[in-house]
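Notes for the one structure printed next.
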Amino acid sequence: MGKYLSAFGISYLIATAAVAVIANLLESGASMNVVALMAAGFYVAAKFVKDHGRVPGRGEKHQLVWGSFAVACLVSFILAAAYFGAIAPRESTDVLVKALPSIPPWVWLAGPAAFTLIYVLTLYACYGWYAGIVARHNARS
């Protein structure tokens, strides 16, 4: 699985950079990052099907989903830390740090729970539904 998680990490990083440029041009929000997740998931699902000639099994799918989720979180954390540490104006960072204590505890629970749910369901669609499409297409070719 390491090969696929490495491929996911690299493709997720590239897709995130591309989506960031597009989002900036369109003046869109951060929710577009799910597009980067889907692009990386689709790429790795297709790579898995090409390498093995089949869709991932149940256990393999779970490993791919949760491994990809962990990699996406790590890449996002590193990019956010780099942004706030080196790129963002100091005033913006100070305002954010001062606002953090006023956020209610339920938001600290609901936010990550919603984020996890969206990402995990998206990854299951990539490694299940999309992998099936790729496998059926490859079987016809």
| said: Please go through the stretch 72-99 and give me each residue that is exposed (fewer than 11 other Cβ atoms within 10 Å of the Cβ) and within 24 Å of the chain's Cα centre (by Cα), ordered by number. | reply: Phe77, Ala81, Gly85, Ala86, Ile87
| query | Among all residue pairs at least 6 apart or on different chains, which show Cβ distances below 6 Å where the first residue, located in the stretch 19-38, is at pLDDT below 80 and the second is in a helix (DSSP H, G or I)? | reply | Met32/Val19; Met32/Ala23
| Of all residues in the stretch 49-66, how many are crowded, with 18+ Cβ neighbours inside 10 Å, out of contact with any Phe, Trp or Tyr (no Cβ under 6 Å at 6 or more places or on another chain) and either within 27 Å of Ala18 (Cα to Cα) or small (Gly, Ala, Ser) (or both)? | 1
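Taking the condition of a type in the set (A, V, I, L, M, F, W, C), modelled with pLDDT under 95 and under 16 Å from the mean Cα position of the chain (by Cα), does Val65 pass?
Here the answer is no, as Val65 does not meet what is asked.
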| request: Looking only at the stretch 58-81, decide whether some residue is acidic (Asp, Glu) and free of Cβ contacts under 8 Å to residues at least 12 places away in the same chain. | output: no
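The values are calculated or read from the model by the stated rules, or taken from the named source; none is laboratory data. Please read all numbers here as calculations on a predicted model, not as lab measurements. FYI the Cβ positions are ideal-geometry reconstructions off the backbone, even for glycines, and counts take in every protein chain you see.
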